[in-house]
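Dumping the structure here so I can ask a few things about it.
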C-alpha cells in the first residue's frame, strides 16, 4: 500500500503524447500550463487540469500525459 509518506522509486521526464503509455501516481509540473491526462481503465477519457502553476505536484494516477498539455518540464512519479 502506498502513501504520501513514501518516496517515489520510479520517475522520469514526460514528453506529452497521445500514444506514449506511462504509469504514474503523481506528476511534478516544472513550467505552468494546462495538463491533460488519461487514467488507465477509465471510461472518462482525458481530463484537463487548467492553469497549473509551476512547482505543483499533481497527486493523480494515470497512464498518459496528452499532447494537448501546455505545461512544461513535467516529471512522472510512481511508488
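What follows draws every value from the coordinates through simple rules; no lab data is involved. Since the structure is predicted, the reported quantities are computational estimates derived from the model, not experimental observations. As a convention, Cβ positions derive from the backbone with ideal geometry for all residues, glycine included, and neighbour counts pool all protein chains shown.
If you rank 69, 19, 34 by fewest surrounding Cβ atoms within 10 Å, what's the result?
19, 34, 69
For the chain, with a Gaussian network of springs between Cα atoms less than 10 Å apart, report the residue from 65, 35, 52 with the top mean-square fluctuation.
Among 65, 35, 52, the largest GNM mean-square fluctuation belongs to 52.
Determine, for 38, 10, 64, the number of other Cβ atoms within 10 Å of each Cβ, and report the residues in order from fewest to most.
In order of increasing Cβ crowding within 10 Å: 10, 38, 64.
Please work out whether the chain counts as rounded, prolate or oblate from its C-alpha gyration tensor, where a ≥ b ≥ c are the square roots of the eigenvalues and a/c under 1.5 means rounded, while otherwise a/b larger than b/c means prolate and anything else oblate?
Judged from the Cα gyration tensor, the chain comes out oblate (a/c at least 1.5, b/c at or above a/b).
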